[in-house]
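The values are calculated or read from the model by the stated rules, or taken from the named source; none is laboratory data. Just so you know, these numbers come straight off a predicted model, no measurement behind them. Cβ placement follows ideal geometry from the backbone for every residue including glycine, while neighbour counts extend to all protein chains displayed.
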Amino acid sequence: MIRVVDIRKKYGPIVAVDGLSFEVQPGETFALIGPNGAGKTTTLKMMLGLARPDRGSIAIGPDRLPPHDPRARERLGYVPQRVEFPPARTAIEILNYFAALRGLPAGAAARALERVGLTDVGPRRASDLSGGYAQRLSLAQALLGEPSLLVLDEPTASLDPEATWEFRSLVERLRREGTTILLCSHLLAEVERVADRVLILLHGRRAALESLSALRERQMNATRLVIEFREDALVARDRLGAAGIPCEVLDSRRITVDGADGKGALALEALREGGIPVRSFELSRPTLEELFLAVVRQERGEEAAAPAAVGGTSA
């Protein structure tokens, strides 16, 4: 659906995007994330035909059309981060206007409102719409003409939690219907519910490209069990070593062992059989966001943060 090959874009002495390549497959939900200034907006502008790369190429759709070709835009819908509609116009009037610009048949606006759950809002003026309704109206406008590619730029950045949940639910439904979605965000929490793959941008370059399933597997493999004792942790270390269970001593009272695939339970059983009392234990597992932050910190040469605990018990 999208093929980006070695694109580069400069604004004066500033290199906004540098040697970026990736592909988005039909029906895939692909997320583009990164901190502010990473090059996300510039990349989107080039993919939408609003700017042209200084080097490299971008191809859209099965015909491999450049983004500035009008034929490429016919099957593309775009939801910007901030949207403004004529305040005195009603929701249905606004959509009818955009439908007429695109030469769509009568009824296209009403169908778009229905798809985003705004049929009852059609007669209301844009100035009377909440932020969540205005963003859903923007999505309805993007869905006019049944686009095969939907581009979302920070679509929930200004929404409250309830409106954010509603918008994400709409995106999930479009994903199930087979729409190809390109989602741009600076927060992993924004994309982890819906994305198939995630590309991290940093300093205009590709820092990592991962599937969410691979990240979750890595998250599970990084699970550690932190065990606290009433006595010296070295005694527990020796007992686990004799049982063939490697561990790491954190301090005089705590150790950590691999908690994935039931290994933590084996360690606890070995300690019980050895008569070593356990004061408490808890699972420690990095969040998906922490895994991505580790990639960013590694690229910057910074030390990664320790994973957060996700559960535990005391004895």
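Observations, loosely collected:
- In the range 169-187, the residues that are among the hydroxyl-bearing types (Ser, Thr, Tyr) and either within 12 Å of the chain's Cα centre (by Cα) or assigned to a helix (DSSP H, G or I) (or both): 169, 185
- Residue 190 within 14 Å of the chain's Cα centre (by Cα) and either not hydroxyl-bearing (Ser, Thr, Tyr) or not assigned by TED's automatic domain parsing to the domain that holds residue 133 (or both): yes
- Number of residues in the range 191-227 that are charged (D, E, K, R), touching a residue at least 40 places away in the same chain (Cβ under 8 Å) and within 21 Å of residue 47 (Cα to Cα): the value is 4.
- Checking residue 155 against (1) modelled with pLDDT under 90; (2) within 24 Å of residue 61 (Cβ to Cβ); (3) part of a helix (DSSP H, G or I), the condition it does not meet: (3)
- The set of residues in the range 198-226 being part of a strand (DSSP E or B) and in contact with a helix residue (DSSP H, G or I) (Cβ under 7 Å, 6 or more places away or on another chain) consists of 198, 200, 201, 202, 207, 208, 225.
- Among the residues making up the range 86-116, those that are outside any helix (DSSP H, G or I) and surrounded by 15 or more Cβ atoms within 10 Å (Cβ to Cβ) are 89, 90, 104, 116.
- Answer from 89, 125, 168 - the residue that is without any contact (Cβ under 8 Å) to a residue 40 or more places away in the chain, under 27 Å from residue 30 (Cβ atoms) and assigned by TED's automatic domain parsing to the domain that holds residue 25: 168
- One residue alone among 304, 260 is small (Gly, Ala, Ser), at pLDDT 75 or above and not assigned by TED's automatic domain parsing to the domain that holds residue 193, and that residue is 260.
- Restricting the range 249-263 to residues that are assigned to a helix (DSSP H, G or I) and under 30 Å from the mean Cα position of the chain (by Cα), the residue that is surrounded by the most Cβ atoms within 10 Å (Cβ to Cβ): 260
- Scan of the range 264-296 for residues that are surrounded by 18 or more Cβ atoms within 10 Å (Cβ to Cβ), out of contact with any Gly (no Cβ under 7 Å at 6 or more places or on another chain) and either in a strand (DSSP E or B) or not assigned by TED's automatic domain parsing to the domain that holds residue 235 (or both), ordered by number: 284
- Selection of the range 117-134 for residues being under 27 Å from the mean Cα position of the chain (by Cα) and in a helix (DSSP H, G or I) yields 131, 132, 133, 134.
- Exactly one residue among 140, 163 is among the small types (Gly, Ala, Ser) and crowded, with 21+ Cβ neighbours inside 10 Å, and that residue is 140.
- Residue list for the range 58-85, restricted to those being surrounded by 16 or more Cβ atoms within 10 Å (Cβ to Cβ) and either out of contact with any Pro (no Cβ under 6 Å at 6 or more places or on another chain) or among the polar types (S, T, N, Q) (or both): 59, 61, 65, 67, 72, 73, 78, 80, 81, 83, 85
- Number of the condition not met by residue 180 [criteria: (1) polar (S, T, N, Q); (2) modelled with pLDDT of 90 or more; (3) touching a helix residue (DSSP H, G or I) at 6+ places or on another chain (Cβ under 6 Å)]: (3)
- In the range 217-248, the qualifying residues are those that are among the aliphatic types (A, V, I, L, M) and crowded, with 17+ Cβ neighbours inside 10 Å, and the one that is nearest to the chain's Cα centre (by Cα) is 222.
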